[in-house]
């Protein structure tokens, strides 16, 4: 169930739908709280969170999404304890190693947003191999945000745009990490928090929002379908009447 009432979250008065979403982004929040509720270490929650990523990626492909963007590791996450960061990087290695062949077989294209080059050399090598092996795929694009911060992304894009000519919204947008993706339609956040946490600030300007109390490890394809159904029932006006 969404935390935000329909009248606040963007449903038009007429209740008319705007069709299906092409691009959905998710702030995957609540792994630590999920583990704490079970009196388990945070790593247990992160491991279950990886399983949920796998399930939702498969569901997104089955639901016909063109792009799914997941907030995996923010530029602010480096402030976490070293052992937790090590666990997260270990799960990232495991995910790429175990799921790359499935991506290739199912026509999924992998993209990375954020500066992943600062990660451990072996992870960078794995990422670049995964990007290369899936580059020609034409199905759903899975964009994973690694060492990503939206404010930093916008600053980089503006600087690159300035080198090429006048700074306009169009010029900045062309330099964003997501320039190759469809416009963002729907942004989902799990765990009951209602904020963007420096994620896709530019891209979310006219995206619909869907917040749920469900912790990420408990998020299922049925929750994704609920969010998409609510999106389809909203009237998107983009500042018009």
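Bridge orientation summary for the chain: considering DSSP beta bridges with both residues in this region, about 5 percent are antiparallel. Rounded to the nearest 500, the helix-only mean residue ellipticity at 222 nm of the chain stands at -13500 deg cm²/dmol, with each DSSP H run of n ≥ 4 adding -39,500 (n - 2.57). The protection proxy used here, the mean number of other Cβ atoms lying within 10 Å of each residue, ranks peptides 32-40, 202-210 as follows, highest first: 202-210, 32-40. Estimated from the Cβ-Cβ distance and a Förster radius of 30 angstrom, the FRET efficiency linking residue 120 and residue 163 is about 0.45. Computed extension gain for residue 97 through residue 220, at 0.36 nm per residue and net of the alpha carbon distance, reaches 42.0 nm. Computed over the chain, relative contact order equals 35 percent, with contacts defined as Cα pairs under 8 Å that lie 6+ residues apart. Were the residues from residue 171 through residue 237 laid out at 0.36 nm apart, the gain over their Cα-Cα distance would be 21.4 nm. Computed from the C-beta positions of residue 84 and residue 138, the FRET efficiency with R₀ = 35 Å rounds to 0.45.
The Rg/Rh ratio for the range 21-232, using Cα coordinates for both the radius of gyration and the Kirkwood hydrodynamic radius, is 0.95.
The range 38-102 and the range 194-231 have Cα centres spaced 16 Å apart. With a simple spin-label model that places each label point 7 Å from the Cα along the Cα-to-Cβ direction, the separation between residue 156 and residue 40 comes to 3.4 nm.
We did not get these values from a lab; they are worked out from the coordinates using the rules stated. Just so it is clear, the model here is predicted, and its values are computed rather than measured. Virtual Cβ from ideal backbone geometry, glycine too; neighbours counted across all protein chains shown.
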